[in-house]
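The values are calculated or read from the model by the stated rules, or taken from the named source; none is laboratory data. Not measured: the values here are computed from a predicted model. Here the Cβ positions follow ideal geometry from the backbone for every residue, glycine too, while neighbour counts run over all protein chains shown.
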């Protein structure tokens, strides 16, 4: 039998080993560090609802990152990347969805993202949802599609409930001041209740992608909130492609030309283009005449020192009061680039 002091020493060593192993297991690998979070819970959702989440990731490394494959562990879910190649500092997302039409009740799945550059790694993202059987949305989301900025829009959603005869919607909550919603009961009979839900998008909604959830507040005690997805692509008078403009990794004093495309609904004239800092690293030539599409060659000369290369540009267009903005980002690095 071991002496008491030796026994305590061995026990301490075992505890230390287990604690160290647990800490190592929790440490994120290089690929996981690019993701905004390591799991996602959709919560309680209606049957037929569009259940979509865009999991953001950013290439925080100097090397190019390549996604070789994205798959899921269950037929109840699907996932796809917005792009499979990310240059240094570029951002992307994995679009994850749950099938609420063919599946109901509690569903657990995993999204597996496989990288093959700069070296092999897999990231596993657990996802969860509980799909109600008593509340159904038709259609499954308030999808406005691509709309011109400044034009009010509305979409109608049918909400069908089967269960309690006295079930009611009490309110609709939204955190976006540009989205409003009204509802009216259309039928109540034999434990079935129907509502018409009208989702309105105001004319002052800013340009860009809009993805929000509004919440139906019901009198259910256990799950009073039922989310509904609202999506729109609000197109401004002038669009910029790409935005942001990615320069990738440049060497000190390297010179590169990237094309920035401005597109309007009708011919327009560019009055001036200004950079936020006035850096001499960027040069761009103004187009001489009005066109629907302008291709602006942006000449970039990397500075001598290493570090991030980021600039904001403001484009003033004749006859349009609101200026157009776009962002340029990259990184200046030497020849010795560490692998993540």
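Some notes on this structure:
- Test for residue 123: is it touching a strand residue (DSSP E or B) at 6+ places or on another chain (Cβ under 6 Å) and at pLDDT 95 or above: yes
- When the range 257-278 is limited to residues that are under 26 Å from residue 304 (Cβ atoms) and surrounded by 14 or more Cβ atoms within 10 Å (Cβ to Cβ), the one that is farthest from the chain's Cα centre (by Cα) turns out to be 273.
- Residue 217 in a strand (DSSP E or B) and either without any contact (Cβ under 8 Å) to a residue 40 or more places away in the chain or farther than 30 Å from residue 52 by Cα (or both): no
- Residue 90 in contact with a strand residue (DSSP E or B) (Cβ under 6 Å, 6 or more places away or on another chain) and surrounded by fewer than 18 Cβ atoms within 10 Å (Cβ to Cβ): no
- Of all residues in the range 38-72, those satisfying the criterion of being modelled with pLDDT of 95 or more and part of a loop (DSSP other than H, G, I, E, B) are 38, 39.
- Remark: pairs (first residue in the range 80-103, at positive phi and in contact (Cβ under 8 Å) with a residue 24 or more places away in the chain; second residue surrounded by 17 or more Cβ atoms within 10 Å (Cβ to Cβ) and not in a strand (DSSP E or B); Cβ separation under 7 Å; 6+ apart in sequence or on different chains) = 89/59.
- Among the residues of the range 302-315, those identified as in a strand (DSSP E or B) and surrounded by 15 or more Cβ atoms within 10 Å (Cβ to Cβ) are 309, 310, 311, 313, 315.
- Where strands (runs of 3 or more DSSP E) sit wholly within the range 117-172, those with at least 1 residues that are without any contact (Cβ under 8 Å) to a residue 60 or more places away in the chain and farther than 30 Å from residue 222 by Cα occupy 121-138, 153-162.
- Tally, over the range 92-116, of residues that are assigned to a loop (DSSP other than H, G, I, E, B) and within 18 Å of the chain's Cα centre (by Cα): 0
- Conditions (1) in contact (Cβ under 8 Å) with a residue 40 or more places away in the chain; (2) closer than 30 Å to residue 236 by Cβ; (3) surrounded by fewer than 14 Cβ atoms within 10 Å (Cβ to Cβ); number of the one not met by residue 175: (1)
- So residue 223, is it in contact (Cβ under 8 Å) with a residue 40 or more places away in the chain and more than 27 Å from residue 98 (Cα to Cα): no
- Subset tally (residues that are out of contact with any strand residue (DSSP E or B) (no Cβ under 6 Å at 6 or more places or on another chain) and under 12 Å from residue 258 (Cβ atoms)) for the range 282-305: 0
Rundown of residues vs (1) more than 22 Å from residue 142 (Cα to Cα); (2) within 15 Å of the chain's Cα centre (by Cα), yes/no style:
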site: 38; (1), (2): yes, yes
site: 53; (1), (2): no, yes
site: 59; (1), (2): yes, yes
site: 63; (1), (2): yes, no
site: 68; (1), (2): yes, no
site: 72; (1), (2): yes, no
